[in-house]
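One structure is given here, and the rest of the page talks about it.
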Amino acid sequence: MEPGSSVAVIGCGGVGMSSIQAARIAGATAIIAVDLEPRKLDTALRLGATDAVNPADGDPVEHVLELTGGGVGYSFEAIGLSLTAQQAFGMIRRGGTATVMGMIPPGTKVEIEGRELFMSDKRLQGSLMGSNVFRVDMPRLVDLYLDGRLMLDEMVSATITLDDVNEGFAAMKAGDVVRSVIAFD
């Protein structure tokens, strides 16, 4: 994305929070976090989101379209549901790109009206592991962290032991944490 872009991120777990920070670092001027959990929305605002949308308060697509006057240039889905993938597509403006990063279950279909692809020049794409080039991107991410621009410590909601890993997964699935870190003693 280019500086000055508008972005919506659906799902404020670890992947979504990383996307919010990437948008901030890239120079996006509008970054809209979408999540059902108020604590995660608060964290998203601290990490760089400019606005927060809770779907419990109404249709998140309509809210994003209203906030932006017609949609964002880029949206990122970080939950893995057909519904949220469709919402990500609905949030983009003409010529925008929706990227699905969440792991949608096998056999699940995402329905997009064909006219939207053709008449609006919208794009829907997937991403595996951020579509990264590990040997190039990892040193850059380390530098961003060391410079204080990539806030990883702020994403840690809990520190657990290896014995607590099942509880950590349960907390992640329940949406209670952004990221749990296992401490090995």
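A compact table of results
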| read-out | value |
| --- | --- |
| Residue match in segment 19-34 (condition: closer than 16 Å to residue 77 by Cβ, surrounded by fewer than 19 Cβ atoms within 10 Å (Cβ to Cβ) and of a type outside the set (Phe, Trp, Tyr)) | no |
| Subset of segment 106-163 [at positive phi, part of a loop (DSSP other than H, G, I, E, B) and either without any contact (Cβ under 8 Å) to a residue 12 or more places away in the chain or in the same structural domain as residue 180 (by TED's automatic domain parsing) (or both)] | 107, 148 |
| Subset of segment 162-185 [small (Gly, Ala, Ser) and buried (at least 16 other Cβ atoms within 10 Å of the Cβ)] | 168, 171, 175, 180 |
| Filter result (under 17 Å from residue 87 (Cα atoms), in contact (Cβ under 8 Å) with a residue 40 or more places away in the chain and hydrophobic (A, V, I, L, M, F, W, C)) within segment 12-33 | 12, 32 |
| Residue within segment 94-103 that is among the basic types (Lys, Arg) and at pLDDT below 90 present | no |
| Those residues of segment 112-139 which are among the charged types (D, E, K, R) and exposed (fewer than 10 other Cβ atoms within 10 Å of the Cβ), in sequence order | 115, 135 |
| Segment 140-161, residues that are surrounded by fewer than 11 Cβ atoms within 10 Å (Cβ to Cβ) and closer than 13 Å to residue 47 by Cβ | 148, 153 |
| Pick from segment 47-71, criterion of a type in the set (D, E, K, R) and either within 15 Å of the chain's Cα centre (by Cα) or not in a loop (DSSP other than H, G, I, E, B) (or both), ranking: surrounded by the most Cβ atoms within 10 Å (Cβ to Cβ) | 51 |
| Residues being farther than 20 Å from residue 93 by Cα, under 14 Å from the mean Cα position of the chain (by Cα) and not in a loop (DSSP other than H, G, I, E, B) - total across segment 26-46 | 5 |
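The values are calculated or read from the model by the stated rules, or taken from the named source; none is laboratory data. This is a predicted model, so every value here is computed, not measured. Cβ atoms come from the backbone with ideal geometry, glycine included; neighbour counts cover every protein chain shown.
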